[in-house]
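Note sheet for the following structure.
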Amino acid sequence: MDFNGGTNGPTQEQMDKFKKLGSRFGVIFGILLFVFILGTIGIKWFTDYIWMDSLDFGTVFTTIFTTKILLGVAGFILFTAITYVTLFWIKRSYTTHFDPHQLPALFQQKKAINWIITGIALFIGIIGSLTVQGLGWEPALKLMNHVSFGETDPFFNMDISFYMFLLPFLNFIVNLLLSLAVFVLIAEVLAYSVFHMYRMSRSAQTHLGVTVLIVGILIALTHLLEPFETLLTNHVNLFQESVVHGLSFTDRLVNIPASYILAAFAIIAAIWVIVALRKGKLQAILTPVVIYFALIILGQGASVVVQNFVVSPNEYNREAPYLQHNLDFTRAAYDLENMEEKEHPGNTESLDEDLLERNALTINNVRINDARPLLDIYNQLQTFRTYYQFNDIDIDRYEIDGEYQQVFIGARELNTVDLPEQAQTWVNQNLRYTHGYGVAMSQVNDVTSQGQPEYLVRNLPPQGELDITRPQIYFGEEDYDSVIVDTEVDEFDYPAGEENVTNRYEEEAGIPLSGLNRLLFAMDEGSFRILVSGQITGDSKLLQTRNIMDRVNRIAPFFEYDEDPYVFVRDDGSLAWMLDAYLIEEGYPYAESYEGRNNYIKNPVKVVVDAYTGEVDFYITDPDEPLVQTYQNMFPELFTEEIPDDVRSHFRYPERLFKVEAEMFGTYHMTNLELFYNREDYWQFPTERYYSDDIEMNPYYMTMKLPEYDEEEFILMMPYTPRNRQNMIAWIGVRNDGEHYGEKIVYRFPKQENVYGPQQIENRINQDPVISQELNLWSQGGSSVIRGNLLAVPIEDTILYVEPIYIESSNETSLPEVKQVILAYGDYIVMEATFDDALDELMRMVDSGVAPEQLPEADGDDPETGDGDVPGETEDGTEGSDDAEGEAGTEAPILNADETLQELSDRFNAYQDALAEGNWQEAAEIMTEIENMLE
């Protein structure tokens, strides 16, 4: 056998053929990959346009798409050209400086190296295109369509629109170009460091010099923009903040001049480096860089020195004019100037039958249910099948039988994840189980004898006080997949006993799956079955993006949407969803930020999504707001200004916006500059007891009559307490109904009077011997006691407090039930089984003149004096007499209460153990002992 050779191996000719074949295969594969990527992107664009156009928002898509394409092309050309010129210049510098035999063989293959340079340039160009169009389309559109605010800052005299629209765009352009220039400079430094080319090659020196000059100019531009940024922050250096939000004394004296000095030196440094490069002196190149950073450190140091030794010792006088700008512009940014402020007497002696009669509608709408426990109840009692689910319970108001009534409402949505495993087929999930069904609605102020909600609308199909003509919910809060309607399969509507009622879709909404659409959306959905299923006909329609949050974000991604959409019933009996759309910016000069750098938030748009058709309407509620006018110029066909009455009647001022404004007003209600500087009259949100924790109180909706008005209306309100105190100092509310929507009003209580705050009422509930004993007994008897939201209810010139008490047993299927209602008025506290009983008992005590128990404040504040003295105790700590309590004839606290409660708990546990073991006689004996102890 010949091991030294032979003719079995491939010949050179065959090798050449393999190479050509491999080269052709590579080209074909590359072309196919390019076509696949381009086709995938193209299909996505095309289907997005079809979807948007089906909702009559095609122009919104084309406006954004066109802007992105133009910016993408510009970014691609810019990044590609700069990268190509840079690499070509580097290649030319190498080929002119070195002899051919000194360079790698690749440099001799001009075609190959040109392809490599072109490929790298195209790759960088794609990255630049994606960056420019992805980040720049919205700032560019806002800049081209912006509306003036009509108000200028007091230092640079620039309109606020400059800070909102022009400054962000300038920062974007400068930072983008600077990033590219620095990237190019780093590449050049690495390339020309080989054999110290920067010292010997005139071409390399020229190339580096041009790039350094561009970097210097761009750095100078960033410093020239910095003075405008001082109006948007309270940072005076890396280590310190000013009391002023916006331009401060230190900014004007140090930081702004330092920025101009650094801008000038950046140009000087660039020229210095160019000259040093020409001379080939490395040390001379580093000198301007070192000086530049030294100037930055010097500027920071000067800022620290001025802030510490010039401003701090005399801060108020130094910062007074800037504080005034901070105060004025923050009040303007958060619309605090339009707050109507009034005095409220906080009377604790005016509650009588006549007052209750005059405010009967307010009393009848006092909320004694809470949305959070109620959600569990709805999900257990009103779902009927495992695949139904209530995601949220919301508060709204309706005219029911001619009476203005506040209600809880929730949508019964479909969740196919909870279908039985054998039912989770493609047909069921995409064609049959397509929608939820109906709503449940209950009164806020009434419960059944079992402590469950009193329903106004319930069951399947919906029955009750409102006529719901179209209960199907195709679009909602669930994480819905796409479904197809008008197929050969009847849709499941709702269960009726042992049978299921079916339904056919009756609207033209959706994307028709006929012709090319069927192929395109089969590819878009990644579902081959859409293309081949015999159940889908030419009349079938695809309902896509059915989660309402995803839906509105897909249409208008430039808004930020409230996380709590709510369902409502329109006059024609159909269901729709309401969402609040926010416009949020960080460019309002001198305004304090509420979150991060954001210091401007408005809710000028309400979005309504039809639960059946998915039709979306963007209603403008504040047409004078400059930001929404800007977006109107950008997308004129997106918005609707004519608002139907049955939509306007369900407008709710959003809690998120109200909380931001109320929190800001807690500080910026102080218009006296010295008071504002010292924060002497700072207001904060109170705390309350919820479940078993003390939490910050949230704003809450109420139906009530404002003191100077004749009719009840829907109000969102929040009490205030002073800093580190628990008494109520004021309350703020915003109106929601009709033409008064958005009007904010603040009622201040007299500072010389003590008005109990929510936490003080909670503490008094805890210290009431009768109430605390009953609550402890329930909690130790195997049940959970849930403290509901405490509501402060303003009624004319007085305040009534209401808190529901829920009891929930420990087993898994238990429901929280409203078992008691606590009312507090002045020094009176009562707890009864129902609100009416509690109110009757409270009125009996008030009318009879029975003096309430005098309990010490849990936070150490005397309700009258506000100091820490405890009634019935002398200054030296010895107990004094308490004649008032003795004369009142009120019941004394139980002696050894803790020991008694523990013993009761132990006996009850023994009783349960006896029952579990079947010892009936022993259990009966233990129960007799418990009854005797309670007697």
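The values are calculated or read from the model by the stated rules, or taken from the named source; none is laboratory data. Remember, it's a predicted structure, so these values are computed and weren't measured experimentally. Note that each Cβ is placed from the backbone with ideal geometry, even for glycine, and that neighbours are counted across all protein chains shown.
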When restricted to THR448, THR383, THR425, the only residue surrounded by fewer than 19 Cβ atoms within 10 Å (Cβ to Cβ), of a type in the set (Val, Ile, Thr), closer than 23 Å to MET549 by Cβ and modelled with pLDDT under 95 is THR383
Could you please let me know if GLU712 is surrounded by 21 or more Cβ atoms within 10 Å (Cβ to Cβ), of a type in the set (Asp, Glu), within 31 Å of the chain's Cα centre (by Cα) and under 14 Å from THR687 (Cα atoms)?
no
Residues that are under 56 Å from the mean Cα position of the chain (by Cα) and small (Gly, Ala, Ser), drawn from the range 70-110
GLY72, ALA74, GLY75, ALA81, SER93
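Look through TYR322, TYR292, TYR316 and report the one residue that is touching a Gly at 6+ places or on another chain (Cβ under 7 Å), part of a helix (DSSP H, G or I) and either assigned by TED's automatic domain parsing to the domain that holds LEU247 or buried (at least 16 other Cβ atoms within 10 Å of the Cβ) (or both). Step through it out loud before you land on a result.
Details: TYR292 fails: touching a Gly at 6+ places or on another chain (Cβ under 7 Å); TYR316 fails: touching a Gly at 6+ places or on another chain (Cβ under 7 Å).
Sole residue among the options that is touching a Gly at 6+ places or on another chain (Cβ under 7 Å), part of a helix (DSSP H, G or I) and either assigned by TED's automatic domain parsing to the domain that holds LEU247 or buried (at least 16 other Cβ atoms within 10 Å of the Cβ) (or both): TYR322.
Conditions tested, residue by residue: (1) closer than 30 Å to VAL609 by Cα; (2) outside any helix (DSSP H, G or I); (3) at pLDDT below 80.
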position: PHE18; (1), (2), (3): no, no, yes
position: LEU38; (1), (2), (3): no, no, no
position: THR63; (1), (2), (3): yes, no, no
position: LEU78; (1), (2), (3): no, no, no
position: SER93; (1), (2), (3): no, no, no
Within the range 194-252, can you find the residues that are within 21 Å of TYR594 (Cα to Cα), assigned to a helix (DSSP H, G or I) and either touching a helix residue (DSSP H, G or I) at 6+ places or on another chain (Cβ under 6 Å) or among the aliphatic types (A, V, I, L, M) (or both)?
PHE228, THR230, LEU231, LEU232
Please list, ordered by first then second residue, the pairs with beta carbon atoms under 8 Å, 6 or more apart or interchain, first in the range 167-195 and farther than 16 Å from LEU221 by Cβ, second not in a helix (DSSP H, G or I).
TYR192/SER201
Picking from PHE88, PHE57, PHE107, PHE98, which residue would you name as being more than 23 Å from VAL194 (Cβ to Cβ) and surrounded by 15 or more Cβ atoms within 10 Å (Cβ to Cβ)?
PHE57
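Considering only the range 582-668, give the helices (runs of 4 or more DSSP H) lying wholly within it that have at least 2 residues that are in contact (Cβ under 8 Å) with a residue 24 or more places away in the chain and within 18 Å of PHE149 (Cβ to Cβ).
Numbers: elements: 626-634, 645-648, 655-668.
Answer list for the range 582-668: 626-634.
Could you list all residues from the range 436-466 that are under 30 Å from GLU525 (Cα atoms) and either touching a Gly at 6+ places or on another chain (Cβ under 9 Å) or among the aliphatic types (A, V, I, L, M) (or both)? Let's see the steps before the verdict.
Taking the range 436-466 as the starting set, the residues that turn out to be under 30 Å from GLU525 (Cα atoms) are 436-438.
If the condition is that a residue be under 30 Å from GLU525 (Cα atoms) and either touching a Gly at 6+ places or on another chain (Cβ under 9 Å) or among the aliphatic types (A, V, I, L, M) (or both), then GLY436 is the only one that fits.
Within the range 810-826, restricting attention to residues that are hydroxyl-bearing (Ser, Thr, Tyr) and part of a loop (DSSP other than H, G, I, E, B), which residue is modelled with the lowest pLDDT? Give the derivation first.
Initial filter on the range 810-826 (hydroxyl-bearing (Ser, Thr, Tyr)): 810, 813-814, 825.
Filter once more, keeping what is part of a loop (DSSP other than H, G, I, E, B): 810, 813-814.
Working: SER810: 72, THR813: 67, SER814: 73.
Looking at the filtered set, the residue picked out is THR813.
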Is it true that SER161 is under 36 Å from the mean Cα position of the chain (by Cα) and not aromatic (Phe, Trp, Tyr)?
yes
Filter the range 193-204 for residues that are closer than 11 Å to ILE90 by Cα and in contact with a Lys or Arg (Cβ under 9 Å, 6 or more places away or on another chain) and give the result.
SER203
Given the condition surrounded by 14 or more Cβ atoms within 10 Å (Cβ to Cβ) and on the phi > 0 side of the Ramachandran plot, answer yes or no: does some residue in the range 502-522 qualify?
yes
Determine which single condition THR131 fails, assuming it passes every other condition in (1) without any contact (Cβ under 8 Å) to a residue 40 or more places away in the chain; (2) surrounded by fewer than 18 Cβ atoms within 10 Å (Cβ to Cβ).
(1)
Enumerated strands (runs of 3 or more DSSP E) restricted to the range 464-515, each holding at least 3 residues that are over 19 Å from VAL532 (Cβ atoms)
491-496, 499-503
If you check every pair at least six apart or on different chains, which have Cβ atoms under 6 Å apart with a residue in the range 358-384 that is without any contact (Cβ under 8 Å) to a residue 12 or more places away in the chain first and a residue that is surrounded by 22 or more Cβ atoms within 10 Å (Cβ to Cβ) second?
ASN379/PHE390
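Here is a check on your reading of the model: is PHE558 in contact with a helix residue (DSSP H, G or I) (Cβ under 8 Å, 6 or more places away or on another chain), part of a helix (DSSP H, G or I), surrounded by 13 or more Cβ atoms within 10 Å (Cβ to Cβ) and in contact (Cβ under 8 Å) with a residue 40 or more places away in the chain?
no
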Does SER779 satisfy being among the hydroxyl-bearing types (Ser, Thr, Tyr), out of contact with any Lys or Arg (no Cβ under 9 Å at 6 or more places or on another chain) and part of a helix (DSSP H, G or I)?
yes
Residue list for the range 231-285, restricted to those being of a type in the set (Gly, Ala, Ser) and under 19 Å from TYR163 (Cβ atoms)
SER242, GLY246, SER248, SER259
Quick one: which residue in ILE126, ILE117 is out of contact with any strand residue (DSSP E or B) (no Cβ under 7 Å at 6 or more places or on another chain), touching a residue at least 12 places away in the same chain (Cβ under 8 Å) and surrounded by fewer than 16 Cβ atoms within 10 Å (Cβ to Cβ)?
ILE126
Specify the residue that is surrounded by the most Cβ atoms within 10 Å (Cβ to Cβ); the eligible residues are those in the range 602-616 that are of a type in the set (D, E, K, R) and more than 18 Å from the chain's Cα centre (by Cα).
ASP610
Within the range 678-757, considering only strands (runs of 3 or more DSSP E) that don't extend past its boundaries, which have at least 2 residues that are not acidic (Asp, Glu)?
687-690, 700-704, 713-722, 730-735, 744-748
Residues within the range 735-770 that are at pLDDT below 95 and of a type in the set (Val, Ile, Thr), tallied:
4
Within the range 565-588, how many residues turn out to be more than 16 Å from the chain's Cα centre (by Cα) and charged (D, E, K, R)?
3
Quick one: which of VAL567, VAL552 is of a type in the set (A, V, I, L, M) and either surrounded by fewer than 20 Cβ atoms within 10 Å (Cβ to Cβ) or not in a strand (DSSP E or B) (or both)?
VAL552
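Test ILE256 against the stated conditions and say whether it is assigned by TED's automatic domain parsing to the domain that holds ARG202 and over 25 Å from GLY596 (Cα atoms). Break it down stepwise before answering.
On the way: assigned by TED's automatic domain parsing to the domain that holds ARG202: yes; over 25 Å from GLY596 (Cα atoms): no.
It is false that ILE256 is assigned by TED's automatic domain parsing to the domain that holds ARG202 and over 25 Å from GLY596 (Cα atoms).
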